[in-house]
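**Q** Pasting a structure here, questions to come.
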Amino acid sequence: MMLALSVAITVPLLLLILLVDNPQTRFLLLFFVWGAIAGFLASEINTELLFMFRLSTRDLQIQFAPIVEEFLKALPLFAVAIAARRYLARHEFILAAIFVGFGFSLVENFSFLIRAQDLATIELTQYVITRSVSTTIMHGTATGVIGVTLYHLYNGTLDEFGFWPLFVVYGYCLAVLLHALFNLIVLFEVFGRPVAIASGLVSYLVLWVFLRRYRQLTRTQPDLRAAVPPEKS
């Protein structure tokens with residue numbers, strides 16, 4: 001089922017990417033496509049872990065799923081950081097990281113929707129809206145944390161602290177912790193849903209404010225790394 005959902009999302013998007021002329025749009029859509037693919041891969045890996053270690057669904061959601069899912073979502077970010085570092089210089093890279101999380105959540109939301117077919121139409125609609133303003137934003141925020149980390153490492157913000165690989169690990173661990181904490185809160189019987197929705201909306205507001213700030217900085221500040229002449233050999 002997850003494979004079919006992933007294909008149903010990725011194939012139309014890939015066809016659209018071939019029609020788009022704007023490089024930035026293609027860049028963002030490719031990351032969204034990877035998110036949908038990662039949703040399928042995470043489902044397969046999580047299912048194997050569930051049976052391999054005889055885990056309960058609760059243990060999987062809190063202990064293992066955040067580790068697996070944040071790693072899979074971040075793979076294209078790490079690939080860009082290694083093979084095409086010039087893309088790290090602009091704030092669109094952070095937006096691309098968020099696109100991965102949203103693409104991932106889209107596949108996940110559809111899978112939960114199919115499993116909940118016994119609910120009435122109104123209940124299904126409420127369920128999807130709840131996940132869209134909570135879980136979807138959480139996935140985008142968590143992957144966005146890794147994107148922000150790589151963005152600042154490339155642009156030299158963290159150079160004074162030294163040993164930059166450690167900050168890559170920090171960014172990934174923070175994403176995992178945010179993901180695991182969200183999953184834990186959702187399991188609360190009384191306050192789980194309201195807190196999850198509130199945290200999702202607050203996270204979205206933070207994302208909106210920060211992205212606007214990054215756009216302003218991109219427009220007003222020169223690319224300092226590009227302005228430095230290459231060293232003579």
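**Q** Here's a check for you: in region 168-177, which residue that is in contact with a Ser or Thr (Cβ under 9 Å, 6 or more places away or on another chain) and surrounded by fewer than 18 Cβ atoms within 10 Å (Cβ to Cβ) is nearest to His152 (Cα to Cα)?
**A** Val168
**Q** Can you tell me which residue is nearest to Val107 (Cα to Cα) among those in region 30-79 that are over 18 Å from the mean Cα position of the chain (by Cα) and of a type in the set (Lys, Arg)?
**A** Arg58
Yes/no per residue for (1) under 18 Å from Tyr172 (Cα atoms); (2) at pLDDT 95 or above; (3) of a type in the set (A, V, I, L, M, F, W, C); (4) touching a His at 6+ places or on another chain (Cβ under 8 Å):
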position: Ala4; (1), (2), (3), (4): no, no, yes, no
position: Asp21; (1), (2), (3), (4): no, no, no, no
position: Phe27; (1), (2), (3), (4): no, no, yes, no
position: Phe31; (1), (2), (3), (4): yes, yes, yes, no
position: Ser43; (1), (2), (3), (4): no, no, no, no
position: Glu48; (1), (2), (3), (4): no, no, no, no
position: Gln61; (1), (2), (3), (4): yes, no, no, no
position: Ile67; (1), (2), (3), (4): yes, yes, yes, no
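**Q** Kindly indicate whether Arg90 is farther than 19 Å from Tyr172 by Cα, surrounded by fewer than 17 Cβ atoms within 10 Å (Cβ to Cβ) and basic (Lys, Arg).
**A** For Arg90, the condition - farther than 19 Å from Tyr172 by Cα, surrounded by fewer than 17 Cβ atoms within 10 Å (Cβ to Cβ) and basic (Lys, Arg) - is not met.
Rundown of residues vs (1) touching a residue at least 40 places away in the same chain (Cβ under 8 Å); (2) out of contact with any Phe, Trp or Tyr (no Cβ under 9 Å at 6 or more places or on another chain); (3) open to solvent by less than 50 Å² (accessible area, probe 1.4 Å), yes/no style:
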| position | (1), (2), (3) |
| --- | --- |
| Gly140 | yes, no, yes |
| Gly144 | yes, no, yes |
| Thr149 | no, no, yes |
| Pro165 | no, yes, no |
| Leu184 | yes, yes, no |
| Val195 | no, no, no |
| Val209 | no, yes, no |
| Tyr214 | yes, no, yes |
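**Q** Give just the number: which of (1) out of contact with any Lys or Arg (no Cβ under 7 Å at 6 or more places or on another chain); (2) surrounded by 13 or more Cβ atoms within 10 Å (Cβ to Cβ); (3) outside any loop (DSSP other than H, G, I, E, B) does Gly101 not satisfy?
**A** Looking at each condition in turn, Gly101 falls short on (1).
**Q** Criterion first (free of Cβ contacts under 8 Å to residues at least 60 places away in the same chain, within 25 Å of Arg215 (Cα to Cα) and either open to solvent by 10 Å² or more (accessible area, probe 1.4 Å) or out of contact with any strand residue (DSSP E or B) (no Cβ under 8 Å at 6 or more places or on another chain) (or both)) does Ala83 satisfy it?
**A** yes
**Q** While we're here: Right, Leu124: in a loop (DSSP other than H, G, I, E, B), at pLDDT below 90 and within 24 Å of Val195 (Cα to Cα) or not?
**A** No.
**Q** Taking region 107-124 as the region of interest, how many residues are open to solvent by 60 Å² or more (accessible area, probe 1.4 Å) and in contact (Cβ under 8 Å) with a residue 40 or more places away in the chain?
**A** Summing the residues that are open to solvent by 60 Å² or more (accessible area, probe 1.4 Å) and in contact (Cβ under 8 Å) with a residue 40 or more places away in the chain in region 107-124 gives 1.
**Q** Further question: Pull up region 18-29, narrow it to residues that are over 20 Å from the mean Cα position of the chain (by Cα) and not polar (S, T, N, Q), then point me to the one that is nearest to Ala42 (Cα to Cα).
**A** Ranking the qualifying residues of region 18-29, first place goes to Leu18.
**Q** Continuing with the same structure: What are the residues in region 42-77 that are open to solvent by less than 50 Å² (accessible area, probe 1.4 Å), free of Cβ contacts under 8 Å to residues at least 40 places away in the same chain and part of a helix (DSSP H, G or I), if any?
**A** Result: Asn46, Leu49, Leu50, Leu60, Val68, Leu72.
**Q** Search region 13-28 for residues that are within 11 Å of Glu92 (Cβ to Cβ) and pair each with any residue that is assigned to a helix (DSSP H, G or I) when their beta-carbon atoms are under 6 Å apart and the residues are at least 6 apart or on different chains.
**A** Close Cβ pairs satisfying both conditions: Gln24/Glu92; Leu28/Ala96; Leu28/Phe99.
The values are calculated or read from the model by the stated rules, or taken from the named source; none is laboratory data. Only a predicted model underlies this, so the values are computations on that prediction, with no experimental measurement involved. Neighbour counts are summed over all protein chains in view; Cβ atoms, including those assigned to glycine, are modelled from backbone coordinates with ideal geometry. Note: accessible area is taken over every heavy atom of the protein model, side chains too, but ligands, DNA and RNA are not part of it. Shrake-Rupley method; radii C 1.70, N 1.55, O 1.52, S 1.80 Å.
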